[in-house]
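Note sheet for the following structure.
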């Protein structure tokens with residue numbers, strides 16, 4: 001069981017081998033919950049009844065003397081949010097044996113108007129999604145591929161490169177890995193009866209680059225330790241340089257910092273490599289007689305000019321690959337509407353995009369000013385269930401009042 005205060009993309013190695021995930025912070029839309037759902041793992045996110053100590057490799061239960069150490073057995077129920085000491089009897093889910101559920105879903109298929117697409121970052125996720133009835137991949141997050149152990153050192157080399165040539169050399173090393181990833185996902189999404197691929201939406205790199213580097217705090221402790229011990233001058237100098245590089249990339253608010261399309265605008269070669277890998281994989285499978293429909297998503301667009309420029313750069317790459325393939329590839333470029341400004345100016349962005357996806361996590365956070373990792377456990381449920389007010393018989397509910405239909409005067413503060 002992976003137990004963390006909260007998870008981030010660099011925890012993906014532990015997530016892939018874990019039987020379940022438990023975090024002290026977060027909620028139903030946190031990183032841990034979203035990734036666990038995609039991996040088919042049980043997850044309890046935002047368990048505020050525990051205090052996790054990574055340094056001591058244990059967690060304590062609030063209000064008791066109970067301490068669970070690394071190696072102790074625990075069980076979690078992702079449906080109820082309960083955490084048990086020890087191992088409890090469980091039953092493995094088997095979709096093939098759920099005959100009643102399959103019948104119910106079959107009835108729904110006769111009337112539904114909407115298709116259901118899944119999140120999938122690896123071929124095994126895509127295969128599971130098809131088994132469960134998905135008709136496409138709505139989001140494939142490429143940053144998780146960068147976290148694989150044999151690639152992470154190359155990614156870090158690319159990030160820490162001191163020249164464009166050094167960065168390009170690292171990206172050239174990453175290209176075969178990425179192309180193989182996408183080929184695996186596309187292959188898993190091909191209908192064997194028609195040889196036609198289901199739609200796959202692949203998001204270009206989204207998180208800030210420092211998430212792929214060692215923790216600043218951990219590096220600072222390591223440098224201090226080496227300085228105190230002495231006698232490790234070469235290692236100390238290497239760690240100092242790394243600490244300086246990581247420090248220069250730190251941001252006060254990474255969620256609104258150098259990420260998404262902004263990253264691609266400053267370092268276009270990263271997006272170019274990923275687009276080359278996506279369309280190169282599609283071209284390889286097209287030669288085998290498969291018909292594919294890759295969709296490339298440019299994330300975190302807030303202004304139409306951002307999308308125009310990134311798309312201009314990538315269309316040149318797409319034209320080159322299509323020419324080399326000798327036949328057209330049915331690709332599309334689109335964006336994710338995940339910022340309020342993008343939603344309000346969607347009519348300007350739409351002519352430049354072939355499709356829209358809606359990033360409801362970030363859109364909700366930036367619209368309400370909520371943090372998805374803090375709001376649910378701290379106050380959001382109280383907003384819905386109601387606040388205790390001295391002297392009042394009924395609880396005061398905050399969120400239902402927001403749905404009032406009364407018109408009020410509003411001021412736009414810029």
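Working only within region 348-360, note down all residues that are in contact with a helix residue (DSSP H, G or I) (Cβ under 8 Å, 6 or more places away or on another chain) and surrounded by 14 or more Cβ atoms within 10 Å (Cβ to Cβ). The answer is 349, 352, 353, 356. Look at (1) assigned to a loop (DSSP other than H, G, I, E, B); (2) modelled with pLDDT under 90 and you find that residue 258 fails only one, number (2).
One residue alone among 241, 274 is part of a helix (DSSP H, G or I) and over 27 Å from residue 372 (Cβ atoms), and that residue is 241.
Does residue 57 fit the bill of being more than 19 Å from the chain's Cα centre (by Cα), under 29 Å from residue 156 (Cα atoms) and not assigned by TED's automatic domain parsing to the domain that holds residue 117? Before you say what the answer is, go through the steps one by one.
Working: more than 19 Å from the chain's Cα centre (by Cα): yes; under 29 Å from residue 156 (Cα atoms): yes; not assigned by TED's automatic domain parsing to the domain that holds residue 117: yes.
In short, yes.
Regarding residue 282, is this residue out of contact with any helix residue (DSSP H, G or I) (no Cβ under 6 Å at 6 or more places or on another chain) and part of a helix (DSSP H, G or I)? Taking the combined requirement at face value, the residue satisfies it.
When you scan region 243-268, how many residues do you find that are under 15 Å from residue 158 (Cα atoms), in contact (Cβ under 8 Å) with a residue 12 or more places away in the chain and out of contact with any helix residue (DSSP H, G or I) (no Cβ under 6 Å at 6 or more places or on another chain)?
Our first condition is that a residue be under 15 Å from residue 158 (Cα atoms); within region 243-268, this holds for 245-246, 249, 263-264, 266-268.
Next, from what is left, pick out any that are in contact (Cβ under 8 Å) with a residue 12 or more places away in the chain: 245-246, 249, 263-264, 267-268.
From what is left, the residues that are out of contact with any helix residue (DSSP H, G or I) (no Cβ under 6 Å at 6 or more places or on another chain) are 245, 263, 267.
Number satisfying all stated conditions: 3.
Restricting to region 365-378, count the residues that are assigned to a helix (DSSP H, G or I) and either buried (at least 16 other Cβ atoms within 10 Å of the Cβ) or touching a strand residue (DSSP E or B) at 6+ places or on another chain (Cβ under 9 Å) (or both). Before you say what the answer is, go through the steps one by one.
From region 365-378, those assigned to a helix (DSSP H, G or I) are 365-368, 375-378; that's our starting set.
Narrowing further to those that are either buried (at least 16 other Cβ atoms within 10 Å of the Cβ) or touching a strand residue (DSSP E or B) at 6+ places or on another chain (Cβ under 9 Å) (or both): 365-366, 375-377.
Of the residues in region 365-378, 5 are assigned to a helix (DSSP H, G or I) and either buried (at least 16 other Cβ atoms within 10 Å of the Cβ) or touching a strand residue (DSSP E or B) at 6+ places or on another chain (Cβ under 9 Å) (or both).
Which of the residues spanning region 212-228 are in contact with a helix residue (DSSP H, G or I) (Cβ under 9 Å, 6 or more places away or on another chain) and either at positive phi or surrounded by fewer than 17 Cβ atoms within 10 Å (Cβ to Cβ) (or both)? It would help to see each step written out before you state the result.
Filtering region 212-228 for residues in contact with a helix residue (DSSP H, G or I) (Cβ under 9 Å, 6 or more places away or on another chain) gives 212-216, 219-220, 222-223, 226-227.
Residues satisfying the conditions are 214, 215, 216, 220, 227.
Yes or no: region 121-139 includes at least one residue that is closer than 30 Å to residue 49 by Cβ and either modelled with pLDDT under 90 or surrounded by fewer than 15 Cβ atoms within 10 Å (Cβ to Cβ) (or both).
Within region 121-139, the subset closer than 30 Å to residue 49 by Cβ is none.
Within region 121-139, not a single residue is closer than 30 Å to residue 49 by Cβ and either modelled with pLDDT under 90 or surrounded by fewer than 15 Cβ atoms within 10 Å (Cβ to Cβ) (or both).
Name the single residue that is surrounded by the fewest Cβ atoms within 10 Å (Cβ to Cβ) among those in region 106-120 being within 22 Å of residue 42 (Cβ to Cβ) and touching a residue at least 24 places away in the same chain (Cβ under 8 Å). For region 106-120, the residue satisfying everything is 119.
Every listed requirement among (1) closer than 30 Å to residue 135 by Cβ; (2) surrounded by fewer than 13 Cβ atoms within 10 Å (Cβ to Cβ) is met by residue 253 save one, (1).
Does region 239-246 contain any residue that is surrounded by 13 or more Cβ atoms within 10 Å (Cβ to Cβ), outside the structural domain of residue 276 (by TED's automatic domain parsing) and under 25 Å from the mean Cα position of the chain (by Cα)?
Yes, that holds for at least one residue.
Using the structure shown, decide if residue 81 is surrounded by 14 or more Cβ atoms within 10 Å (Cβ to Cβ), farther than 20 Å from residue 359 by Cα and either in contact with a helix residue (DSSP H, G or I) (Cβ under 8 Å, 6 or more places away or on another chain) or in the same structural domain as residue 197 (by TED's automatic domain parsing) (or both). Walk me through how you get there before you give the answer.
Details: surrounded by 14 or more Cβ atoms within 10 Å (Cβ to Cβ): yes; farther than 20 Å from residue 359 by Cα: yes; either in contact with a helix residue (DSSP H, G or I) (Cβ under 8 Å, 6 or more places away or on another chain) or in the same structural domain as residue 197 (by TED's automatic domain parsing) (or both): no.
Against the criterion (surrounded by 14 or more Cβ atoms within 10 Å (Cβ to Cβ), farther than 20 Å from residue 359 by Cα and either in contact with a helix residue (DSSP H, G or I) (Cβ under 8 Å, 6 or more places away or on another chain) or in the same structural domain as residue 197 (by TED's automatic domain parsing) (or both)), residue 81 does not qualify.
Here is a yes/no grid of residues against (1) farther than 17 Å from residue 145 by Cα; (2) out of contact with any strand residue (DSSP E or B) (no Cβ under 7 Å at 6 or more places or on another chain); (3) in the same structural domain as residue 151 (by TED's automatic domain parsing):
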| position | (1), (2), (3) |
| --- | --- |
| 228 | yes, yes, no |
| 262 | yes, yes, yes |
| 266 | yes, yes, yes |
| 274 | no, yes, yes |
| 278 | no, no, yes |
| 285 | yes, yes, yes |
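Of all residues in region 306-318, exactly one satisfies the criterion of being out of contact with any strand residue (DSSP E or B) (no Cβ under 9 Å at 6 or more places or on another chain) and under 15 Å from residue 295 (Cα atoms), namely 317.
Could you tell me whether residue 347 is more than 22 Å from residue 253 (Cα to Cα), touching a residue at least 40 places away in the same chain (Cβ under 8 Å), more than 21 Å from the chain's Cα centre (by Cα) and not in a loop (DSSP other than H, G, I, E, B)? Can you show your working first?
Details: more than 22 Å from residue 253 (Cα to Cα): yes; touching a residue at least 40 places away in the same chain (Cβ under 8 Å): no; more than 21 Å from the chain's Cα centre (by Cα): yes; not in a loop (DSSP other than H, G, I, E, B): yes.
Answer is no for this residue.
Residue selection: residue 309 satisfies the criterion of being touching a residue at least 24 places away in the same chain (Cβ under 8 Å), over 21 Å from the mean Cα position of the chain (by Cα), assigned by TED's automatic domain parsing to the domain that holds residue 179 and surrounded by fewer than 18 Cβ atoms within 10 Å (Cβ to Cβ).
The values are calculated or read from the model by the stated rules, or taken from the named source; none is laboratory data. Keep in mind the model is a prediction, meaning the values are calculated, not measured. Every residue, glycine among them, receives a Cβ derived from its backbone with ideal geometry; neighbour counts consider all protein chains shown.
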